Each structure stands twice: as C-alpha cells, then as structure tokens.
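Accompanying notes for the structure given below.
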Amino acid sequence: MHRRPLTLGLAAATLAALLAVPPVAAQPTPEEIINGFEGVLGPVRSYRPSHPKGLCAAGHFTATPEGSRLSVAPVFSGQRVNTIIRFGVAGANPQADDRARSTRGLGIRFETAAGDVLDMANISAPIFGAPNPTVFLENLRVRAPDPATGRPNAERIAAFVAANPAVTRQGAWLGATLPPASWATTPYWGVNAFRFQGQDGQVRHARWVFEPRAGVQRLTAEQMQSLPRDFLADEIRARIAQGPVEFDMVLQFPGPGDDVTNPTVAWPDDRPRAVVGRLTVTSVAAGPGGPCDPISFMTLDQEPGISFSDDPTLHARAAPYAVSLSRRTN
Ligand code: HEM
C-alpha cells in the first residue's frame, strides 16, 4: 500500500518554488523530537518522557467475528491473544498526581501464539495536542527555558499558541472533563486514524477506542481534593482482586468531510461503529517495574491488517519512540 513519504522530494520542492508556493516545513527528525523533549524535561535517562508514571498489568484479547471480518491482522483472528499492559498517567513526572486533569494511558502489547506482535498506546482523551509533528516539536521548543532567564518565555509561548490554536484543543477538552475515577472506568482512544484491510479485501479508515465495560466513572470535585494523589494503583489492585477488568475495542469510521490526518479533531459521535474485540485485564503488578517497562507502546505499520493512514503525526511517532526507548534503557 502507498505510504506518504516523510519529506518532500526534490522535484516537488522545485515545483513548489516555481509555483511560488510556500515550502512545506521539513518534518522533524526523531532525534530533534527527543531533543525537544529533553530541552524541556532534561535528559531522557531512565524513564519515559511521556507517561512516566505507570503500572504493569496483563491479560488477553479476543477479536469478535466482526473484528475478524474487518481486519486480516493476526491479532484479529478470533483466537485468544496474550497482552502485556501498562496503565499510565500523562505528563513528564514519575510522581504525577493521579487526580490531575491530564490524560491516563493504556499501553497494550498483543502477542499471538505464533509470535505476531502489535503494540498500541492509547489515551483517555479523543484528541491529541498537536495537528502535525512540526507544530508538536515547536510546541516543545517554545516551552524550553530561555537561556537569558532560565525560565520559559511566557510572551513567546502566548504568541505561539495564538498562531497555533489547535494546540489548545486537548487542554480545553481535559479542562471540561473530570479525571477518571479509575484506570478501569475511562475510554482510551487510539486518536490517530489507521487503515484496516478486511477479509473482503476492502480497506477502511478507522480510529479505535477501548470502552470500559464497567461504565465511565469520573472523580467528583470533592474526590479531586480528598483522594490520595497516588490512588490509582491501589484502586485497580483492589478492583482486579474482585475480578477481571474489561474493555470493548470499538472502531469508529469517518463520515463525509471527516479528516483522517488531523488528530486534534474528533469525528462526530454519530459515525458508524463496530465492536471488534474484548480486552480483559486479569492481573496488575504488586509494585513498580515489570515486563511493560522495556516496551515502547508504538503501533507500527502492519500492512495489510492495520496500516498507517496519511496522518503525519502518526508517521512521526514511530522512530522517536524507539530513540526514547534506547535513551532510557541504555
Ligand atoms: C508527534 C507525535 C508524538 C510523539 C513525538 C510522541 C512521543 C512519545 C514518546 C517519545 C513516548 C515515550 C516512549 C518510550 O520511551 O517508550 C511516548 C509515550 C506515549 N505516547 Fe506519544 N507521541 C506522539 C503522539 C501521541 C499520540 C497521538 C498519542 C495518543 C494515543 C500518544 C500517546 C502516548 C502514550 C499513552 C504514551 C505512554 C505509553 C506507555 O505507557 O508507555 N502519543 N510518546
């Protein structure tokens, strides 16, 4: 399947110059992106620069017959597939506050009995904080401390945000939505669009979301004050001691005019959907660390079953995850 190149070819650049079209900014390299994180956070040495607070868990996934019909990927065969899971809390702080209005994460590694692997990182918000990798990197760079003062330059940040309002959309959604009451009671969206090739040979764009079978439950304003700041791990351990935690994996298909390339815009709720599988979480780690630590939960292009859409943010994710993994594990 055709995949869009990450940078403009020379011929296209020359044509753009001839037509006096402003040149498309070159896509940032993976190292530039991780250096961008490091400019704000300091060196990536031992933990993830994003969602560093987390808890390993394990379980299994089984595709529904509809899932098998919609994707020829081995994970969707309908056989039970083992999973290594990581629940996370967004931000860059390994001691992040579980009551914060930030995203929670659900990293999943699916491993079939035959050794096929599919990774994915999902968040508890339907949209991302940048429309493309260039804006993502600039949004990091503008927040790095100004060498003159040692502090971020508030005026430069304000000017950047005014010129790139799409970077405010995820924050606005989080500001209007109470934080999850449990890692088990929030939907987790994959956010980027992918292409699914079905058994009928058809290729369909879709985004996915993991919907909690326990229902959506959020903290009250009172609980945001009264709960301990590290309540999530104890809550999920107590919950799983009573029985497995389950999510339905649901595909959402775009309607006319829905943009498959911009992860800062959610598609309307009335778009067609299909329940393609059930994720069952059966155990969580007793303490920090575990088999999820050395995994970077980045979905790779898995043509033909689950291949990349033309969303440039998706294409810009894979390599930086690998650079980050190598810096934090070496
Ligand atoms: C240009 C876009 C993006 C870049 C450069 C980026 C970069 C990164 C990096 C470097 C990590 C740490 C990887 C590691 O050390 O293992 C990470 C983790 C993560 N990212 Fe992204 N990301 C991007 C977009 C997204 C999007 C759209 C989502 C929404 C689903 C997302 C969700 C996550 C989650 C949940 C984690 C933590 C997963 C875990 O628990 O290990 N990221 N990201």
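The values are calculated or read from the model by the stated rules, or taken from the named source; none is laboratory data. Please read all numbers here as calculations on a predicted model, not as lab measurements. Positions of Cβ are generated from backbone atoms using ideal geometry, with glycine treated the same way; all protein chains shown enter the neighbour counts. Protein only, heavy atoms only, side chains kept; ligands, DNA and RNA dropped before computing areas. Shrake-Rupley method; radii C 1.70, N 1.55, O 1.52, S 1.80 Å.
Couple of notes before you dig in:
- When A121 is tested against (1) open to solvent by 50 Å² or more (accessible area, probe 1.4 Å); (2) not in a loop (DSSP other than H, G, I, E, B), only condition (1) is not met.
- Boolean, F136 is under 19 Å from the mean Cα position of the chain (by Cα), within 11 Å of the ligand (Cβ to nearest atom), under 30 Å from S68 (Cβ atoms) and of a type in the set (F, W, Y): no
- Considering residues of the range 282-326 that are within 19 Å of C56 (Cα to Cα), more than 19 Å from the chain's Cα centre (by Cα) and not polar (S, T, N, Q) only, the residue most open to solvent (accessible area, probe 1.4 Å): P288
- Every condition in (1) under 17 Å from V81 (Cβ atoms); (2) of a type in the set (S, T, N, Q); (3) out of contact with any strand residue (DSSP E or B) (no Cβ under 7 Å at 6 or more places or on another chain) is met by T264 except one, and the failing one is (1).
- The range 230-277, residues that are buried (at least 16 other Cβ atoms within 10 Å of the Cβ), of a type in the set (G, A, S) and out of contact with any Phe, Trp or Tyr (no Cβ under 6 Å at 6 or more places or on another chain): A233, A266, A274
- Selected residue [closer than 22 Å to A221 by Cβ, of a type in the set (A, V, I, L, M, F, W, C) and modelled with pLDDT of 95 or more] from L106, L174, L118, L137: L174
- T264, sole failed condition from (1) more than 9 Å from the ligand (Cβ to nearest atom); (2) under 16 Å from L106 (Cβ atoms): (2)
- Each residue in the range 36-68 was checked for being open to solvent by 20 Å² or more (accessible area, probe 1.4 Å), of a type in the set (F, W, Y) and not in a loop (DSSP other than H, G, I, E, B), and 1 of them qualify.
- Contacts under 6 angstrom Cβ, first residue in the range 88-111 being hydroxyl-bearing (S, T, Y), partner open to solvent by less than 10 Å² (accessible area, probe 1.4 Å), 6 or more apart: T103/S124; T103/A125
- Scanning the range 171-183 turns up one or more residues that are hydroxyl-bearing (S, T, Y), surrounded by fewer than 20 Cβ atoms within 10 Å (Cβ to Cβ) and part of a loop (DSSP other than H, G, I, E, B).
- Selection status of A162, open to solvent by 40 Å² or more (accessible area, probe 1.4 Å) and part of a helix (DSSP H, G or I): yes
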